[in-house]
Amino acid sequence: MTLHADLFFSFRSPYSYLSVGRYRAMTEEYDLEIALRPVYPLALRQPDFFERNHPNWLG
């Protein structure tokens, strides 16, 4: 029986990058299928992000 897992992955996170090797090894060693789910940056998740924040904070 194949196990399924969702991996929420951020391209900006060094932790996500470092964990990829471990997850790949787990899928090769066990009967495991991992679905990558990208997590979008805050600026993309909230359309009004740039409107409600001070410009100096964004720089």
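The values are calculated or read from the model by the stated rules, or taken from the named source; none is laboratory data. What you see is a predicted model, and the numbers here were worked out from it, not measured in a lab. For neighbour counting, all protein chains shown are included, and Cβ atoms are generated from backbone atoms with ideal geometry for every residue, glycine included.
Listing for the model above:
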read-out: Cross-chain or 6+ apart pairs with Cβ under 8 Å, segment 9-23 first and in contact (Cβ under 8 Å) with a residue 12 or more places away in the chain, then of a type in the set (S, T, N, Q); value: 9/16; 10/16
read-out: Complete set of residues in segment 2-30 that are modelled with pLDDT under 90 and not in a helix (DSSP H, G or I); value: 8, 9, 10, 11, 12, 13
